[in-house]
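The numbers here are math on the coordinates, done by the rules we state, and not lab data. This is a predicted model, so every value here is computed, not measured. No Cβ is skipped: glycine too gets one built from the backbone with ideal geometry, and neighbour counts run over all protein chains shown.
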Amino acid sequence: MIRGGDLASSQGPIRVQVEVTDKCNFDCIMCNRLTRANVTFKLANDIDHANFTRLIDQIDPFYVTLNGLGEPALNKSIDKILIECRSRGIRTQMPSNMSIKKVMLEKIAPNPPGILTFSMHGATKESFEAVSVNSSFEECIELFEAFLAKIDRKEVEVRILCALQARNLTEYDGFYDYLSRWSLLDKFVLVPVYDYGTGGGEDRRVLPTIVEIETALTKIDRDIVSSNDVSKTRFMQKWRESILQIKAAEQIVETGPCLVPWFSTYITAKGKVLPCCFLTDEDHVLGNIHEADFQTIWNGEKYQEFRRQLREGRGQLTGCRTCPRNDAARLAKYNPLSLLPTKWNLNGTRQSVSPIDDGSIRKIPGAVPITIKGRPIFPAAELPPAPLNGPETAVRISD
């Protein structure tokens, strides 16, 4: 991976993201699950327990993320899938919109993932239901709190994810209050929304206007100055930084290195294998687990060609050029550990900072190069938990 060859580890990826279902009961305005050009089939597909087990047998991953373009709780086998991972010592991450009460309390709470993320895109009924169309703010909050009461929070890491956008741009007070109430201030992931151009007019507009951004900055600056609470001041400062990171898709041009296709893979509910959950077009399909063994796909011609194109011309790859992930700093840091020359260009300017870096990579101070299940991983001191979540294709990273 550090050397940038076309082949990845012959033992497979250490992380796999599985879209256990493409069904969803919400219609979030920033999600493109219903508007992608390549969706010519009914979104009613699952990866059942038998196929999931077969896949895990082939890959033997260290980390599994159970999300994609659907709500994982709608997979009837979700408890069996979670139990399967736990029995094998596989660390799991799963998002939820916290709306499927019976499943969350009777199936998932007794068999929880290692990391559970509540996709909460509004701190008020108005904003929450405007972003997550078909939702009920009160019911989701009530279910989340009931879920918290049923799990052992020492065993389950709970996170809150919010896609920062026009309708929740200044809701830092409300989020701070909820996060404080749930003791989750340090588990809040706020990411600038990505605009897929899903259409729908003003009701589905996700990007704030320049005037809205200026107004929000004026308000938050005033509140920061007047705040006497150190914790809340720090929270508002981070919120302000996220406001400044919101950009239209055409403004994002990323040409730096991305290491994801060397250690991770994404598998849809129809069995399609893709480099990551940010790339869902047919052009990026590298194989199908129902048609070929995964290991054959992993280092097959299509996967190798994609890695080569990503390494040599990311700026020309649809999807990759507008993704904020950039591993230049990691490569520069860890390349001296390699005894062989690297094909990566380490002299380029780092053009962006990925929101993935902010709180979603578990850093181990003073760590040395390590292996997981006999496979060397990179970055050596950064075990990758999960991409940003789940039905939120708009903020992937990335699930």
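Here is how the numbers come out for the structure above:
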item	result
Dipole magnitude of segment 40-154, debye to nearest 20 (Cβ charges: Lys/Arg +1, Asp/Glu -1, about Cα centre)	340 debye
Rg/Rg_globular for segment 214-266, with Rg_globular taken as 2.2 N^0.38 Å and Rg from C-alpha atoms	1.71
Globularity ratio of segment 132-224, using Cα Rg and 2.2 N^0.38 Å	1.27
Euclidean distance between Cα centres, segment 219-294 to segment 102-158, Å	21 Å
Exceeding the 31 Å Cα-Cα cut-off - candidates K101/K270; K102/K187; K154/K232	none
Relative compactness, segment 222-297, computed as alpha-carbon Rg over 2.2 N^0.38 Å	1.79
Options L69, Q58, V103, ranked by Cα towards positive dipole end of segment 1-120, top entry (Cβ charges)	V103
